[in-house]
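*Asks:* Here it is, the structure in full.
The values are calculated or read from the model by the stated rules, or taken from the named source; none is laboratory data. Owing to the predicted nature of the structure, the values given are computational and were not obtained by experimental measurement. A quick note on method: Cβ atoms are made from the backbone with ideal geometry, for glycine too, and the neighbour counts reach across all protein chains shown.
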Amino acid sequence: MKILITGSNGMLGHDLIEVFHEDNVLINTTSKTLDITNRDDVINFIGKEKPDVVINSAAYTNVDDCETNQEMAYAVNGDGVKNLALACKETDSVLVHISTDYVFKGDKDTPRLENDELGPMSIYGKSKLKGEEAILSILDKYFIIRTAWLYGCNGGNFPKTMLELAKEHDTLTVVYDEVGSPTYTLDLAKAISELIKTDNYGIYHVTNSDSCSWFEFAKLIFELADVDVEVTPVTAKEFARPAPRPSYSVLDNRKWVENGFEPLRSYKDAIKDYIDILNGGI
Ligand SMILES: NC(=O)c1ccc[n+]([C@@H]2O[C@H](COP(=O)([O-])OP(=O)(O)OC[C@H]3O[C@@H](n4cnc5c(N)ncnc54)[C@H](OP(=O)(O)O)[C@@H]3O)[C@@H](O)[C@H]2O)c1
């Protein structure tokens, strides 16, 4: 297949290349080679390349900065996605778009299904929802994949931040009243490679299995990395950040399984592999 990847310098983009490069013709684009906010460029570029599939892993992902740079958040996460959808419509390409658990309000304590009520709390979540809405209004051939709490080898993320902080502090405070499913970008990229072999288009929730709080996740990271640091639980309110976050944003992967795919492994197994790679690789 001919596959165009946007955001290929990013954390997920990196692992998409890793998973897809052997069996496919890849066109890897970055914000420099294809700025998704420029409609003419997007339509011309995709019109010229005519990929079978476009995977959009480009986004403005700094959740707190989105609160202050709202225009940029909507330009990239909303209009940028609309541009890709319009281009895919013209070339009849399948659009795979990555969305987020932050489109939910997260005030319920049961895992969310694809068609549950939405209610983003932050500008990031609202802008990502705009992107979803654009796709739904323009395309029939799309996969919208909502995922959560990503970490991978290429980029900053929670496990790396924890391990860095532990080098300088004996005690760390970590939020215990936000619960989600940490997801390894390599596992997600492999899941996407399975999904695009089908034409079961639609919205899917795809995360590693099982869930935890940030506090529990931090404790597990330190245990696996054999790092001795005291972790103190705090509330999200005590650990104030510019953007509000859902307190419970576990995504139910039932539709994924009902469509014949294997559940992704537990986040506990995935983080173990990741820590092993970090220990051997950096
Ligand atoms: N990180 C998470 O915890 C998380 C959770 C749920 C969902 N998601 C979603 O998963 C996807 C991948 O996330 P990630 O963490 O891998 O993101 P990331 O590492 O921040 O990478 C995003 C990439 O988007 C590119 N980009 C930004 N603005 C662009 C523009 N105008 N045109 C083209 N490219 C642009 C950047 O490219 P350059 O480097 O070339 O500037 C960056 O490399 C995103 O859609 C995100 O919303 C992430």
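*Asks:* Out of LEU86, LEU136, LEU129, LEU95, report the one residue that is part of a helix (DSSP H, G or I), over 19 Å from PHE215 (Cβ atoms) and within 13 Å of the ligand (Cβ to nearest atom).
*Replies:* From the options LEU86, LEU136, LEU129, LEU95, the qualifying one is LEU129.
*Asks:* Tell me, which residue of region 39-69 that is farther than 19 Å from GLY10 by Cα and touching a Phe, Trp or Tyr at 6+ places or on another chain (Cβ under 9 Å) is nearest to the ligand (Cβ to nearest atom)?
*Replies:* Ranking the candidates gives ASN69 first.
*Asks:* Can you name every residue in region 1-13 that is more than 8 Å from the ligand (Cβ to nearest atom) and either crowded, with 19+ Cβ neighbours inside 10 Å or within 20 Å of ASN157 (Cα to Cα) (or both)?
*Replies:* Correct list: ILE3, LEU4, ILE5.
*Asks:* Go over the candidates TYR176, TYR201, TYR151 one by one and state the one that is farther than 24 Å from GLU67 by Cβ, of a type in the set (Phe, Trp, Tyr), touching a residue at least 12 places away in the same chain (Cβ under 8 Å) and in contact with a strand residue (DSSP E or B) (Cβ under 7 Å, 6 or more places away or on another chain).
*Replies:* Testing whether each residue is farther than 24 Å from GLU67 by Cβ, of a type in the set (Phe, Trp, Tyr), touching a residue at least 12 places away in the same chain (Cβ under 8 Å) and in contact with a strand residue (DSSP E or B) (Cβ under 7 Å, 6 or more places away or on another chain) leaves just TYR201.
*Asks:* Of all residues in region 190-241, which are part of a loop (DSSP other than H, G, I, E, B), closer than 16 Å to PHE158 by Cα and among the small types (Gly, Ala, Ser)?
*Replies:* The answer is SER211, ALA236.
*Asks:* Of all residues in region 109-124 being over 15 Å from HIS205 (Cβ atoms) and not polar (S, T, N, Q), which is farthest from the ligand (Cβ to nearest atom)?
*Replies:* Among them, the one singled out is ASP109.
*Asks:* So, one more: I'm checking my understanding of the structure. Among residues of region 14-38 that are over 25 Å from MET72 (Cα atoms) and not hydrophobic (A, V, I, L, M, F, W, C), which one is nearest to the ligand (Cβ to nearest atom)?
*Replies:* Filtering first and then ranking leaves ASP15.
*Asks:* Additional query: Is it true that some residue in region 233-244 is acidic (Asp, Glu) and buried (at least 16 other Cβ atoms within 10 Å of the Cβ)?
*Replies:* no
*Asks:* For GLY106, work out the one condition from (1) within 12 Å of the ligand (Cβ to nearest atom); (2) in contact with a strand residue (DSSP E or B) (Cβ under 7 Å, 6 or more places away or on another chain) it doesn't fulfil.
*Replies:* Answer for GLY106: the failing condition is (1).
*Asks:* For THR173, all conditions in the list (1) touching a Ser or Thr at 6+ places or on another chain (Cβ under 7 Å); (2) under 20 Å from SER99 (Cβ atoms); (3) in a strand (DSSP E or B) hold save one; what is the number of the exception?
*Replies:* (2)
*Asks:* Given the criterion in contact with a Phe, Trp or Tyr (Cβ under 6 Å, 6 or more places away or on another chain) and at pLDDT 95 or above, identify the matching residue among LEU195, LEU224, LEU186.
*Replies:* Every option except LEU195 fails the conditions.
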